[in-house]
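To start, the structure itself, in structure tokens.
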Amino acid sequence: MGAADREPAEYRGCPLTAVRVALVSSRAFPMPHWHDYDLPLLAAELAGRGATVEVVEWDGDTPVAWASYQAVVLQSPWSMWTDLTGFARWLRAREDDGTRLLNPVDTVLLGSDKRYLLRLGDQGVPIVPTTLVEESDAAYLKGLFPDLAGPRPTLVAKPIAAGGALGAREFTAAELPELIAHLRAAGPSIVQPYIAAIDIHRELGVVMVDGSISHAVTKAPLLVPGQPVRELHPDPQPYPGLTAQEGRVIHQTYAALRAMLTNEPLSVRLDFVVDPASPSGLLLLEAEMVAPVKFFPLFPAECANLAEAILARAAA
């Protein structure tokens, strides 16, 4: 029996009228052009299966009995990136009260610190070259810039705790003083050379659900000279089909990530630069593990599958 044919009265023996799911969002997003287009589609899929669905703000003023929900799904708690201390306190409280949080807390904590990229690189995962910068030494930073003869010889600086490219900026070697000032203001950060292949081959976002590939999108570059504000994920399009080599790199990356975690994530998104010149063909740019955008307007069937996965965990 398919998902569409199942009677909504129960799910694996659990009456769905008793299943309450909280989709966690924010009072306001850090950027006015950010939108959560996945939320209403996922809410509809869950409600269509008989669950009671509530959209709840993690940073709202009204007290919430989080542990009373069978599943609390981190959907778009994106204001966390501007209140990391408050979000860490909220996470600790959810551990203490036994909330069934999806993604689990260990996944959220790992995904909140981009140092995980260095750990993945050490395990042989092909990553965009990444350097942790905790002290802004001019001579050291100058040596990190790529060959000036390249098509886009710049460095991209990102705070270790940020999402949606918040705080990410691109610098030329001539802008070294500005890079140093930026890093000193931002605190611990990573720097990566801009991989110009993304301008031609775009970025590949692979959505994983319960450890398996769900779907993949290709996205336009986020950093474009002269365009300081872009969409959260510019021009997403369904990826035409993963090659066998791409599949191997994706599974290698996820396996290395999973080995860092105690619990299986509900969903993560692996973002790669498509770089045919590299031996692997893909270079991991970052992994979205807190509340990844999943592009459900392009993938309604996969939205239904995620709803099933949530309800399975709620009933476990």
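Brief remarks on what is shown
- Only one entry in Thr82, Thr52, Thr62 is in contact (Cβ under 8 Å) with a residue 40 or more places away in the chain and over 18 Å from Met289 (Cβ atoms), namely Thr82.
- Options Leu311, Leu232, Leu298, Leu266; residue that is crowded, with 17+ Cβ neighbours inside 10 Å, farther than 25 Å from Tyr69 by Cα and in contact (Cβ under 8 Å) with a residue 40 or more places away in the chain: Leu232
- For the range 269-283, residues that are farther than 13 Å from Val125 by Cα and surrounded by fewer than 14 Cβ atoms within 10 Å (Cβ to Cβ) total 2.
- Count - residues of the range 242-286 that are under 20 Å from Ile198 (Cα atoms) and of a type in the set (A, V, I, L, M): 11
- Of the candidates Pro153, Pro159, Pro146, the single residue that is under 27 Å from Leu282 (Cβ atoms), buried (at least 19 other Cβ atoms within 10 Å of the Cβ) and either out of contact with any Leu (no Cβ under 6 Å at 6 or more places or on another chain) or without any contact (Cβ under 8 Å) to a residue 40 or more places away in the chain (or both) is Pro159.
- Thr82 meets each of the listed conditions (1) modelled with pLDDT of 95 or more; (2) among the polar types (S, T, N, Q); (3) within 23 Å of Ala28 (Cα to Cα) apart from (1).
- Note on the range 19-128: enclosed helices (runs of 4 or more DSSP H) holding 1 or more residues that are among the hydroxyl-bearing types (Ser, Thr, Tyr) are 84-97, 105-111, 116-122.
- Residues satisfying the criterion are present in the range 270-281 (criterion: under 17 Å from the mean Cα position of the chain (by Cα), closer than 17 Å to Ala216 by Cβ and not hydrophobic (A, V, I, L, M, F, W, C)).
- The set of residues in the range 25-77 being small (Gly, Ala, Ser) and buried (at least 22 other Cβ atoms within 10 Å of the Cβ) consists of Ser25, Ser26, Ala51, Ala71, Ser76.
The values are calculated or read from the model by the stated rules, or taken from the named source; none is laboratory data. These numbers come from a predicted model, not from an experiment. FYI the Cβ positions are ideal-geometry reconstructions off the backbone, even for glycines, and counts take in every protein chain you see.
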